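What follows draws every value from the coordinates through simple rules; no lab data is involved. Note that this is a predicted model, so its numbers are computed, not measured. Cβ atoms come from the backbone with ideal geometry, glycine included; neighbour counts cover every protein chain shown.
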Amino acid sequence: MELTSPTYFAKEKVQTVQDYVLFCGQAIANLFRKPLYFSDMVQQADAIGVGSLPIVVLTGRRDDAWLAKWSRAEAAVPLPIDPIELADAVVRILRR
């Protein structure tokens, strides 16, 4: 085992945390950058789950429920999220 100074060890750990935080920040920012391939993302998530992964889409408004149906999601819940409505949607999916 190689001996390192405590300062170098601390700097290395801080750099690792910094890299992780930057990576997470870029990943979250990329979710909202154009072009958005919403239907592609839903289809890929469904393919990965081999059709067994239930998908609940959170829409920006109640009028966007057609987008969830078009992307073959099992349910759509509009924002702001109503916990009762979200629970009902999940229960409906699980009872199928």
Counting other Cβ atoms within 10 Å, keep those with at most 10, restrict to DSSP loop, and tell me which chymotrypsin sites (Phe, Trp or Tyr not before Pro) in segment 1-69 are left. F32, Y37
P(r) tail fraction, segment 44-96 - alpha-carbon pairs more than 17 Å apart, %: 36
Once amide H atoms are placed 1.01 Å from N in the peptide plane, what residues at a sequence separation of 5 or more from A75, or on another chain, have their amide H within under 5 Å of its amide H? I55, V57
Over the alpha-carbon set of the chain, work out the extent along each principal axis and list the three values in angstrom, largest first. 59, 31, 28
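Can you give the relative contact order of segment 1-81 as a percent, counting alpha carbon pairs under 8 Å and 6+ residues apart? List each step's numbers first, then the result.
Working: 55 pairs, mean separation 16.7, N = 81.
Reported as a whole number, the value is 21 percent.
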I'd like the FRET efficiency for L31 and D82, computed as 1/(1 + (r/R0)^6) with the beta carbon distance as r and R0 of 22 Å, rounded to 0.05. 0.45
Anchor K13: aspartates and glutamates whose Cα lies under 20 Å away (excluding residues fewer than 8 positions away in-chain): E2
